[in-house]
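Chemist: The structure is given below, and queries will be raised subsequently.
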Amino acid sequence: MTLTTRAAVLVESGRPAPYARSRPLEIQELTLRPPGEGELLVKVGAAGLCHSDLSVVNGSRPRPLPMALGHEAAGEIVETGPGSTMRPGDHIVLTFVPACGSCTMCAKGRPALCGPGGAANRAGTLLSGSRMLSGGVNHHLGVSGFADYAVVSEQSAVKVDPALPYEIAALFGCAVLTGAGAVRYGARVVADDTVAVFGLGGVGLSALLAARAAGAGTLVAIDVVDAKLELARQLGATHVIKGGPDAVEEVRQATGGGADKVVETTGVVPVLAQAYEATAPGGVTVTVGLPDPGVPLSLPALSLVAEERTLKGSYLGSCVPRRDVPAFIDLYKQGLLPVDRLLSGRLTLDEVNEGFDRLHTGEAVRQVVML
């Protein structure tokens, strides 16, 4: 049998802000096919607004349209398809790469780079290749969480403690995995490292919290929004720096010549260049932002050898979700990763365009749509 759901559907990308006026997302009533082999029907509890969603809305990251957006979500399983190992009533966090488990990259323990999962995401389908929504509506990164209900691949789901509130659980599907994972697996921050984080949205502040939990010594936070700098200070940053042309020199002064580990989260290429400049000789620069694919990055190539620098990317925090989501939730429960402090607003589904305005202006850290 089919189910009716309300979903926020992006009908046209590139409409100008304010989105409250241009309304790129329409709340539509759609029918949803039942889950197939290895799939789950999920009652969504909460879904976070992320810059990866915004990059589809503004057109900098093209995706097939129309598309039901939302890739950071948590909810409860209502129905399972044949072959599922999960059960109705299980609470789950949804992650945005449905790893097949058998391709070359999955076999190497790098599910974030799953070939079939990436291909399905680019095509706007589930891992099976199916589209489950009526009207030719595509799926966003296998989740489409801005909806009352969603059908997802079981490979997108991680079972979690049902006592964890949905609005907190959702953050572990993207913001925490990406930010904390970049610190743990990309930068490999250890005690007494000097660390700088460029960009203090949900991902950047998750990185800051993870660096603090890892025992970083000097911890520098950089952003253009004063309120985010103040929040970073409250969350453990030893230095806060206003983003701009002087940021690199100020980071160098704060860290005695450059940070050992630098995490860049903005997806803005000039900021990535600054993050690299602010990295000490022998240091590591990790970028998790998603820049416009047509914008190149220019770096002094000699520094890679003469200063033994490392520049690396990290997708999904280079995490294994079924290992790392529970591990990061345990840190949250211990008070070492207080990601609840990142919540800056709860929205209804009908307020999603207004929420993207606040994300676009930098006013919000992490907003969640409560469903």
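The values are calculated or read from the model by the stated rules, or taken from the named source; none is laboratory data. Quick caveat: nothing in here was measured; it's all calculated off a predicted structure. Glycine also receives a Cβ, built like all others from the backbone with ideal geometry; neighbour counts cover every protein chain displayed. Note: areas computed on protein heavy atoms with side chains; ligands, DNA, RNA excluded. Shrake-Rupley method; radii C 1.70, N 1.55, O 1.52, S 1.80 Å.
Chemist: Checking G118 against (1) within 24 Å of V203 (Cβ to Cβ); (2) surrounded by 24 or more Cβ atoms within 10 Å (Cβ to Cβ), which test does it fail?
Modeler: (2)
Chemist: Next question. Given the condition of a type in the set (G, A, S), more than 22 Å from L177 (Cα to Cα) and out of contact with any Lys or Arg (no Cβ under 9 Å at 6 or more places or on another chain), answer yes or no: does some residue in the range 10-19 qualify?
Modeler: yes
Chemist: Turning to a different aspect of this structure: Can you say whether G173 is within 24 Å of E354 (Cβ to Cβ), open to solvent by less than 10 Å² (accessible area, probe 1.4 Å) and either modelled with pLDDT of 95 or more or of a type in the set (V, I, T) (or both), as far as the supplied structure shows?
Modeler: Against the criterion (within 24 Å of E354 (Cβ to Cβ), open to solvent by less than 10 Å² (accessible area, probe 1.4 Å) and either modelled with pLDDT of 95 or more or of a type in the set (V, I, T) (or both)), G173 qualifies.
Chemist: Looking only at the range 208-238, how many residues end up being in contact with a His (Cβ under 8 Å, 6 or more places away or on another chain) and of a type in the set (S, T, Y)?
Modeler: 1
Chemist: What pairs can you find where one residue is in the range 1-17 and of a type in the set (S, T, N, Q), the other is crowded, with 16+ Cβ neighbours inside 10 Å and not in a loop (DSSP other than H, G, I, E, B), and their Cβ atoms are less than 7 Å apart, with a gap of 6+ or different chains?
Modeler: T2/L32; T5/L30; T5/L32; T5/A147; T5/Y149; S13/V56; S13/V57
Chemist: Right, next: I'd like to check something: does the range 245-252 contain any residue that is out of contact with any strand residue (DSSP E or B) (no Cβ under 9 Å at 6 or more places or on another chain) and either open to solvent by less than 40 Å² (accessible area, probe 1.4 Å) or not charged (D, E, K, R) (or both)?
Modeler: Among the residues of the range 245-252, at least one is out of contact with any strand residue (DSSP E or B) (no Cβ under 9 Å at 6 or more places or on another chain) and either open to solvent by less than 40 Å² (accessible area, probe 1.4 Å) or not charged (D, E, K, R) (or both), which makes the answer yes.
Chemist: Within the range 156-168, does at least one residue satisfy the condition of being acidic (D, E), within 16 Å of V368 (Cβ to Cβ), touching a residue at least 12 places away in the same chain (Cβ under 8 Å) and open to solvent by 10 Å² or more (accessible area, probe 1.4 Å)?
Modeler: Checked the range 156-168: at least one residue is acidic (D, E), within 16 Å of V368 (Cβ to Cβ), touching a residue at least 12 places away in the same chain (Cβ under 8 Å) and open to solvent by 10 Å² or more (accessible area, probe 1.4 Å).
Chemist: Right, next: What about K108, is it touching a residue at least 24 places away in the same chain (Cβ under 8 Å) and among the basic types (K, R)?
Modeler: no
Chemist: Quick one: would you say V152 is open to solvent by less than 20 Å² (accessible area, probe 1.4 Å), more than 27 Å from P270 (Cα to Cα) and in a strand (DSSP E or B)?
Modeler: Yes: the conditions hold for V152.
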